[in-house]
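Note sheet for the following structure.
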Amino acid sequence: MTNPIPAPGRRAWLAWPVGARVIVRRHLAEGGYSDVLGDLLTVDDDGVEVETRRGPVRVPAADIAIGKLIPPAPPRRGPRRQTE
C-alpha cells in the first residue's frame, strides 16, 4: 500500500482539498518570489489554480517553491459608523 499524502515539501499540494484556503509561494521568471493567496480551484500533477481577490491564478508545478493550507479568511467588517 502506498501513502497518498506526499512528503512535506515534495508536491504537498497534491493532498490539498479543492476549496481549501491556501498560500503558495512561486518562483518568478525575472527572479524572486511572489505569494498567491486564496481558495484552491484545481490541483493536479501540473500545479494548482487559486481563486484570488483579483481572479484565478494558475501556478505551474515547476514554479511552486512552497505552500500550505491556511485558516479561512476572517469575516469582513461592516462600514464604520460616524460618531457625533
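Just to verify a result, which residue in the stretch 12-25, among those that are under 18 Å from Pro74 (Cα atoms) and part of a strand (DSSP E or B), is least open to solvent (accessible area, probe 1.4 Å)?
Val22
Which residues, counting only those in the stretch 39-61, are within 19 Å of Ala15 (Cβ to Cβ) and among the hydrophobic types (A, V, I, L, M, F, W, C)?
Leu40, Leu41, Val43, Val48, Val50, Val59, Ala61
Take the stretch 35-84 and flag every residue that is under 16 Å from Arg25 (Cβ atoms) and of a type in the set (Gly, Ala, Ser).
Matches in the stretch 35-84: Gly38, Gly47, Ala61, Ala62, Ala65, Gly67.
For the stretch 31-84, which residues satisfy the criterion of being open to solvent by less than 40 Å² (accessible area, probe 1.4 Å) and among the basic types (Lys, Arg)?
Result: no residue meets the conditions.
Of everything in the stretch 46-70, what is in contact with a Gly (Cβ under 8 Å, 6 or more places away or on another chain) and either hydroxyl-bearing (Ser, Thr, Tyr) or in a strand (DSSP E or B) (or both)? Give them in sequence order.
Within the stretch 46-70, Val48, Val50, Glu51, Thr52, Val57, Arg58, Val59, Pro60, Ile64, Ile66 qualify.
Could you please let me know if Leu28 is at pLDDT 95 or above, of a type outside the set (D, E, K, R) and open to solvent by 40 Å² or more (accessible area, probe 1.4 Å)?
Judged against the criteria, Leu28 is not a match.
Is it true that Val57 is of a type in the set (A, V, I, L, M) and free of Cβ contacts under 8 Å to residues at least 24 places away in the same chain?
So Val57 fits the description; yes.
The values are calculated or read from the model by the stated rules, or taken from the named source; none is laboratory data. Please read all numbers here as calculations on a predicted model, not as lab measurements. FYI the Cβ positions are ideal-geometry reconstructions off the backbone, even for glycines, and counts take in every protein chain you see. We work out accessible area using only protein heavy atoms, side chains counted, and drop any ligands, DNA or RNA first. Shrake-Rupley method; radii C 1.70, N 1.55, O 1.52, S 1.80 Å.
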